[in-house]
Amino acid sequence: MTALAAPAHTGHIRRIAATALLVLAVIVLALLVRPFIGTSDYRTPAWAIWVHLATVIPALPLGAWLLWRRRKGDAAHRIGGRVWVLLMIVTAIDSFWIRTITGGIGPTHLFSLVTLVQIPRAILFAKSGQIERHRRTMRGVYFGLIAAGFFAMAPGRTLWALIFG
Ligand code: HEM
């Protein structure tokens, strides 16, 4: 019986391989569509930056509260979770109007694509009772939010200029 069971780490390897494949597919797709996206005369509208900041700022504490709160699945978790998901979806969709780094759709937009794929998956996991997968996926999206926030403060970007410029 035990001789036939797959070793515990195969699940991890499979997941890492699937994620790597997804990222690769998105990079290839982005490279393929790039020539068709006009980059030359595009100017990021100010509203897109404001919408972005208005959604990420409340999403940071709300996400932390949802993840580190002991009680899960109660009304507060579900209401807070819906609000957080909405904030993240608006953040990701709005980001396609922001093109300050490369002047077009660039590698940072991969974060947005991954978010738009992972959030519906995480919701489906919760609805089908796969709580551990739900937790892991939402935690991944939250760390993506933190990482994007750090990137946003890199020298040369708008927030760096706003804070230190
Ligand atoms: C605390 C979190 C975040 C902060 C403070 C933040 C801030 C910003 C700011 C200020 C910009 C304007 C462009 C610039 O800096 O030059 C920007 C652009 C962008 N953000 Fe965020 N962001 C955060 C989270 C996210 C998340 C979660 C995503 C994806 C789901 C995301 C995706 C993007 C993308 C794709 C751009 C456009 C990059 C480009 O110009 O090519 N950001 N972000």
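Is one or more of the residues making up the stretch 88-104 at pLDDT 95 or above and more than 21 Å from TYR42 (Cβ to Cβ)? Yes, that holds for at least one residue. The residue pairs whose first member lies in the stretch 77-101 and is free of Cβ contacts under 8 Å to residues at least 60 places away in the same chain, whose second member is among the basic types (Lys, Arg) and surrounded by fewer than 18 Cβ atoms within 10 Å (Cβ to Cβ), and whose beta carbons are closer than 8 Å, counting only pairs six or more residues apart or on different chains, are HIS77/ARG69; HIS77/ARG71; THR100/ARG157; ILE101/ARG157. Residues in the stretch 118-139 that are surrounded by 14 or more Cβ atoms within 10 Å (Cβ to Cβ) and either within 11 Å of the ligand (Cβ to nearest atom) or farther than 16 Å from THR19 by Cβ (or both): GLN118, ILE119, ILE123, ALA126, GLN130, HIS134, ARG135.
For the stretch 68-100, taking the residues that are near the ligand (Cβ under 8 Å from one of its atoms) and over 22 Å from LEU22 (Cβ atoms), the one that is surrounded by the fewest Cβ atoms within 10 Å (Cβ to Cβ) is identified as THR100.
Annotation: LEU145 fulfils all but one of (1) under 14 Å from the mean Cα position of the chain (by Cα); (2) within 9 Å of the ligand (Cβ to nearest atom); (3) without any contact (Cβ under 8 Å) to a residue 60 or more places away in the chain; the unmet one is (3). For the stretch 67-80, the set of residues classified as assigned to a helix (DSSP H, G or I) and either over 21 Å from the mean Cα position of the chain (by Cα) or within 16 Å of PHE125 (Cα to Cα) (or both) consists of LEU67, ALA75, ALA76, HIS77, ARG78, listed by residue number.
Among the candidates PHE111, PHE151, the residue that is in a helix (DSSP H, G or I), touching a residue at least 12 places away in the same chain (Cβ under 8 Å), within 8 Å of the ligand (Cβ to nearest atom) and loosely packed, with under 14 Cβ neighbours inside 10 Å is uniquely PHE151. Of the residues examined, ILE57 is not one that is within 18 Å of GLY144 (Cβ to Cβ), within 8 Å of the ligand (Cβ to nearest atom) and not in a helix (DSSP H, G or I).
The values are calculated or read from the model by the stated rules, or taken from the named source; none is laboratory data. Note that the coordinates shown come from a computational prediction; the quantities given were computed from them, not determined experimentally. Here the Cβ is made from the backbone with ideal geometry for all residues, glycine too, and neighbour counts use every protein chain on show.
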